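Undergrad: First the structure, which I've put down as structure tokens, then a few questions once you've had a look.
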Amino acid sequence: MRQGPVAFIGGGNMASAILGGLIRQGAAPSSFIVVEPHEAQRARLKAELGIDSLPQAEAQALRAAARVVWAVKPQTFAEAAAACGGALAQATQLSIMAGVRCAAIAAATGATRIVRAMPNTPALIGRGIAGLYAEPAVPASERESAAALLAPTGSVVWVHAEADLDAVTALSGSGPAYVFYFLEAMVEAGAAMGLDGRQARRLAQETFAGAAALAMQSDDALATLRERVTSKGGTTHAAITSMEAAGLKAAIVRALQAARDRAEALGR
Ligand SMILES: NC(=O)c1ccc[n+]([C@@H]2O[C@H](COP(=O)([O-])OP(=O)(O)OC[C@H]3O[C@@H](n4cnc5c(N)ncnc54)[C@H](OP(=O)(O)O)[C@@H]3O)[C@@H](O)[C@H]2O)c1
């Protein structure tokens, strides 16, 4: 496999989070080249991370790249790929763009080794989780390289079919918003019951973080964890009974299906 630099097309939030993490892990700034139209963003990459960037794709500079990370908004992908003029066809492509299919990446770049990732926003603080899919042409070593590039953003889960990325999008990609929504409701309830708003927010956030940590440390089924803290006739039982009567779980399942359907439609 080629050993040239890694080219990042787009030097925005996600690219900066990934590059910052890789540099902190000890990668050399000279092992990256970034294409980013905004001068202020280019200056920031140089000042904070020592990484050189170009205002637009320059075939000469990109042709040496062994890997390319697509970190532009999905709607600017076609234009950004056209600007690279096939210079990246021999590189392994790692796309973090939501909803841009492998077939579209192959058509726009001429490449066959394509890995798609669906990250989520906690990636920006190294606590994300990304779903990854690799086309059959991607050798195992390049799959490992793709996962290693994303390591600073959190953890990864490989899926076997590209269509599964739509479910990943619905679950973890959009998931942080569901958590914020649930937190909003808990804080609202706390405030309505007389708690100070800041206290309510802290109580809600720590409850989420602590319960998630507990679930991650345990091999027990989630229902078992829940039942263990839900004694019959108690306070938690009263709340869960109310949620079940309102059809909350079924509504959440339908919500994720709606997100999956939307991801599928956007991909088309
Ligand atoms: N942020 C997240 O948590 C998250 C989560 C999951 C997936 N993603 C995906 O990650 C991708 C990047 O997201 P982001 O939040 O990092 O976006 P971002 O901050 O807007 O970064 C993209 C950067 O690329 C630049 N760009 C535009 N056209 C370009 C071109 N032709 N060549 C090179 N660079 C170009 C953009 O400039 P302009 O501002 O002028 O367009 C911008 O500076 C998106 O596809 C998004 O769907 C993000």
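The values are calculated or read from the model by the stated rules, or taken from the named source; none is laboratory data. The model shown is predicted, which means the values in this text are computed figures rather than measured ones. Using ideal geometry, Cβ is built from the backbone for each residue, glycine included, and neighbour counts are taken over all protein chains shown.
Undergrad: State which residue is nearest to the chain's Cα centre (by Cα) when the search covers only the stretch 19-38 and only residues that are more than 9 Å from the ligand (Cβ to nearest atom) and buried (at least 24 other Cβ atoms within 10 Å of the Cβ).
TA: Leu19
Undergrad: Among all residue pairs at least 6 apart or on different chains, which show Cβ distances below 8 Å where the first residue, located in the stretch 152-173, is assigned to a helix (DSSP H, G or I) and the second is among the polar types (S, T, N, Q)?
TA: Pro152/Gln25; Ala170/Gln257; Ser172/Asn120; Gly173/Asn120
Undergrad: For the stretch 39-61, give me the residue count where each residue is in contact with an Asp or Glu (Cβ under 9 Å, 6 or more places away or on another chain), among the aliphatic types (A, V, I, L, M) and crowded, with 21+ Cβ neighbours inside 10 Å.
TA: Here the count works out to 1.
Undergrad: A further question on this structure: With in contact with a helix residue (DSSP H, G or I) (Cβ under 7 Å, 6 or more places away or on another chain), under 17 Å from Thr153 (Cβ atoms) and either touching a residue at least 12 places away in the same chain (Cβ under 8 Å) or surrounded by fewer than 23 Cβ atoms within 10 Å (Cβ to Cβ) (or both) as the only criterion, which of Arg101, Arg67 stands out?
TA: Arg67
Undergrad: Which of (1) more than 9 Å from the ligand (Cβ to nearest atom); (2) at pLDDT below 95; (3) within 21 Å of Gly126 (Cα to Cα) does Leu94 not meet, given it meets every other one?
TA: The number of the failed condition is (2).
Undergrad: Another question, if that's okay. What number of residues within the stretch 86-98 are in contact with a Leu (Cβ under 9 Å, 6 or more places away or on another chain) and either assigned to a loop (DSSP other than H, G, I, E, B) or surrounded by fewer than 24 Cβ atoms within 10 Å (Cβ to Cβ) (or both)?
TA: Of the residues in that region, 5 qualify.
Undergrad: Further, regarding this structure: Would you mind finding the one in Gln60, Gln41 that is modelled with pLDDT under 95 and of a type outside the set (Asp, Glu)?
TA: Answer to the selection: Gln60.
Undergrad: On to the next question. Can Ile105 be described as within 20 Å of Gly175 (Cβ to Cβ) and either within 15 Å of the ligand (Cβ to nearest atom) or modelled with pLDDT under 95 (or both)?
TA: No; evaluated as a whole, the condition is false for this residue.
Undergrad: Quick one: which of Gly99, Gly126 is farther than 21 Å from Glu58 by Cβ, at pLDDT below 95 and more than 8 Å from the ligand (Cβ to nearest atom)?
TA: Gly126
Undergrad: Here's a follow-up. Which of the residues spanning the stretch 94-143 are basic (Lys, Arg) and over 30 Å from Ala213 (Cα atoms)?
TA: Arg101, Arg113
Undergrad: Take the residues in the stretch 1-18 that are within 14 Å of the ligand (Cβ to nearest atom) and not small (Gly, Ala, Ser); name whichever of them is farthest from Val138 (Cα to Cα).
TA: Only one residue fits best here, namely Asn13.
Undergrad: From the list Ala148, Ala212, Ala170, pick out the single residue that is under 20 Å from the mean Cα position of the chain (by Cα) and exposed (fewer than 12 other Cβ atoms within 10 Å of the Cβ).
TA: Matching residue, one of Ala148, Ala212, Ala170: Ala212.
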